[in-house]
Amino acid sequence: MTASPRRLARYDRALYRSVARLSTPVLDEPLRRVSDFADFSKPWFLIAGVLTLVGGPRGRRAAAAGVAAIGAASLVVNQPMKKAARVRRRPNRVRLGVPVQRWVRMPASGSFPSGHSASAAAFAVAVGEVLPALRPILRVAASVVAFSRVYTGVHYPSDVLVGATVGALFGKLAGRLALQAEHKEQTS
């Protein structure tokens, strides 16, 4: 039996409120900074630049796959998905109890799905496919970015979950395509 959309929305708000009630002031400043720094995929482009400069051919391939995955996920999430779900407003941080010291600038776009989470997951999964040694650290970093969006009050948990899922799918695709291209180069 599936839950109704209203029931899912209640669960989403309840989980959002649970995060808002966390008494973790030591995390407020770091997670605000993470959330702000992740605007426009800055951490991922920075890592891609480092991989391009010092990672050799495989690092360049991983960087290209990661950037391509960000582009595809961002396009899908920020255009058709956000436009289709435009009715979903951003959370009301005051009413839902998010402490002011956690706040970041509230985006003007709709809440569903999270573009930050999509980009983070897309990059982490794509690069992790090509460079498995980086997989754990990139996935932790992507998870921190995704959690920061709920913690700072700009997204509901389901926004982050759907965004990360879409991003991970594009990341997996980009990573596999990069590995296939590498294999073709090696066998020809």
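The values are calculated or read from the model by the stated rules, or taken from the named source; none is laboratory data. In this text the structure is predicted, and so the values were computed from the model without any measurement. Because the Cβ atoms are built from the backbone with ideal geometry, glycine has one as well, and the counts that use them run over all protein chains shown.
Note on segment 54-91: residues that are modelled with pLDDT of 90 or more and not aliphatic (A, V, I, L, M) amount to 12.
Okay, residues lined up against (1) touching a residue at least 60 places away in the same chain (Cβ under 8 Å); (2) among the charged types (D, E, K, R); (3) not in a helix (DSSP H, G or I):
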residue	(1), (2), (3)
LEU15	yes, no, no
VAL19	yes, no, no
ILE47	yes, no, no
SER74	no, no, no
LYS82	no, yes, no
ARG90	yes, yes, yes
PRO107	no, no, yes
SER111	no, no, yes
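Residues that are buried (at least 24 other Cβ atoms within 10 Å of the Cβ) and of a type in the set (Val, Ile, Thr) within segment 101-130 comprise VAL125, VAL127, VAL130, listed in sequence order. When VAL34, VAL19, VAL26 are checked against the criterion of being of a type in the set (Val, Ile, Thr), out of contact with any Pro (no Cβ under 7 Å at 6 or more places or on another chain) and surrounded by fewer than 16 Cβ atoms within 10 Å (Cβ to Cβ), a single residue qualifies: VAL26. On inspection, ALA133 fails the criterion of being surrounded by fewer than 19 Cβ atoms within 10 Å (Cβ to Cβ), among the small types (Gly, Ala, Ser) and modelled with pLDDT under 95.
Among residues of segment 141-152 being in a helix (DSSP H, G or I) and among the polar types (S, T, N, Q), the one that is farthest from ALA20 (Cα to Cα) is SER143. Which ones in segment 153-188 are of a type outside the set (Phe, Trp, Tyr), outside any helix (DSSP H, G or I) and either in contact with a Pro (Cβ under 7 Å, 6 or more places away or on another chain) or surrounded by 19 or more Cβ atoms within 10 Å (Cβ to Cβ) (or both)? Listed by number, the residues that qualify are GLY153, VAL154, HIS155. Does segment 78-88 include one or more residues that are within 16 Å of the chain's Cα centre (by Cα) and among the aliphatic types (A, V, I, L, M)? Yes, because at least one residue in segment 78-88 is within 16 Å of the chain's Cα centre (by Cα) and among the aliphatic types (A, V, I, L, M).
Sub-6 Å Cβ pairs linking a first residue in segment 171-186 that is without any contact (Cβ under 8 Å) to a residue 60 or more places away in the chain to a second residue that is of a type in the set (Val, Ile, Thr) and surrounded by 10 or more Cβ atoms within 10 Å (Cβ to Cβ), at least 6 apart or interchain, are LYS172/VAL125, ordered by first then second residue.
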